[in-house]
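Asks: Just dropping this structure here.
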Amino acid sequence: MKKRILSAALAAVILLMSLSGCKDSSTQSSTVQVDYNAQEEVAKYKDYLGELSDADKNYTIELGYNDCDHMIASLIGQGSGIFDALGLKVNITKTGQVIQAMAAGEMDAGYQGIWSAINAVNNGAPLFMAAANHLGGSYYLVVSNDIKEPKDLIGKKLAIGSEPWTSPEWCGWAEKLGLPVMPEGNFEAVEMSATDALIAMKAGQIDAFATCDPFASQAEFEGIGHVMATDWGFKGSKLGKDLDGNVIDNWGICCVYAMSNNFKEAHPELAKRLVLAHTLSVQYIYQHPYNAAMIFADGFGTKPEVALNTIYMKTVKEGRTLTWQFSEKNLENYIANYEQYDTISEGDQPGINDITKFMSDDLLSSCGAKDFNTFINEQVEPLYPTGISFEDWLKKAKEIDGVETSEYDDAANIMMND
């Protein structure tokens, strides 16, 4: 099948977004050779896989992801050889326009924040949640070095969105830090991308910003600022009871693996293999954390030290938040996170019009995906247990991937691990 051509306007937007933050192709890759055979891993699922038609073999899948650590798995399928082993031709694009591209029929699948995915499906976009990607939320309030105490933020310029009172992350931080939720007369709230916010803080133009990683770790690693507060996303009950973070149903869901309905219908075997590739990519991150960090560093254009810190946060510090498995309970918890704050009106809360249109686990079932908890208990906990320190985790991660260099050991100096 002939590769589809993006509309000129959309292609220009995606190109600009994909170029921002990418590493210069002339720089040397940080990835290492590891004991991983993608062909052998894929062979374990042969009973679930059908034959690829000629059209499938010649089809180039368009896969998108956002500039956020929650989307780490997006690059692993290619970097580990999983896509090739599954016979998938995949073009990966980093863009803030994943949902828009999918709605326009220019992208087949993508890693995307759940809010945008819900709104898109509610408005008739032909896509659905095919798998989970990231539980919780892991969002950080980064402040400049001049900010020593929460009260120092009063009267300052904060890149926390133009309507922060509609954000459960800001509402939670304000409550914990003793800050006013509403900006009027207290501080200036502005909208800014994480990439721009990092640059703006470096230039002294803002005093704080809300972000996911790798931007928080990057700020601390470069000495630009420090994390004052963290929001792990909704975990527990509406009453605030903190439950076991290793139980999937106790979490809200933050980011999803979305897929085009049209792509699934036209290429069912490719769709099934693509979801299997996602599950294998997440497994790779847990089982080869050092090299996963290096693939992340290359793809996101960040320092290896920052990438190592990011992988530790995703696989240990937050809990086992990267996953492919999900339930309706995760969606209920996500919505409950908004409902607990009085400043977030009903109109600003997420709501799914038709859950059967929004989510489907049939591809996860048909591809033979492992049970996530069983995978963690049997294949990850013996490698590095929940709660392991960053220093011990890094030592183990290097051991797993046969890395003898001490080149990036100073990653332990990143403050977010304290």
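Only the coordinates and a few stated rules stand behind these numbers; no lab work does. The shown structure was predicted, so the numbers you read here are calculated from the model rather than taken from an experiment. As a convention, Cβ positions derive from the backbone with ideal geometry for all residues, glycine included, and neighbour counts pool all protein chains shown.
Asks: How large is the convex hull of the Cα atoms of region 287-368 per residue, expressed in Å³ as a whole number?
Replies: Once divided by residue count, the hull of region 287-368 is 169 Å³.
Asks: Would you mind computing the Rg to Rh ratio of the chain from its alpha-carbon coordinates, Kirkwood style for Rh?
Replies: The Rg/Rh ratio comes out at 0.95.
Asks: Quick one: work out Rg over Rh on the C-alpha atoms of region 22-119, Rh as Kirkwood radius.
Replies: Result for region 22-119 is an Rg/Rh of 1.00.
Asks: Something else now. What does the helix-only formula give at 222 nm for the chain: each DSSP H stretch with n ≥ 4 adding -39500 (n - 2.57), the total divided by the residues, and the result rounded to the nearest 500 deg cm²/dmol?
Replies: Estimated from H runs of four or more residues: -10500 deg cm²/dmol.
Asks: Can I ask one more? For the chain, take the longest principal axis of its alpha carbons; what is the angle in degrees between that and the long axis of helix 168-177, to the nearest 10 within 0 to 90?
Replies: 40
Asks: Helix 289-300 against the longest principal axis of the chain: what's the angle in degrees, Cα atoms only, rounded to the nearest 10?
Replies: Compared with the principal axis, the helix lies near 80 degrees.
Asks: Right, something else. Using only the Cα atoms, what convex hull volume per residue in Å³ does region 245-288 have?
Replies: 98
Asks: Roughly speaking, what is the centre-to-centre gap between region 316-349 and region 257-302 when only Cα atoms are used, to the nearest Å?
Replies: Cα centres, region 316-349 to region 257-302: 23 Å.
Asks: Now for a different question. Normalised by the residues of the chain, what does the relative contact order come to in percent, with Cα pairs under 8 Å and at least six apart?
Replies: 23
Asks: Sticking with this one: Out of all DSSP beta bridges with both ends in the chain, state the antiparallel percent to the nearest 5.
Replies: Approximately 65 percent, going by the DSSP bridge assignments.
Asks: In the chain, which longest range has no trypsin sites (Lys or Arg not before Pro) that are both DSSP loop (not H, G, I, E or B) and surrounded by at most 15 other Cβ atoms within 10 Å?
Replies: 242-418
Asks: Tilt of helix 328-339 relative to the longest C-alpha principal axis of the chain, in degrees (0 to 90, nearest 10)?
Replies: The angle comes out at about 20 degrees.
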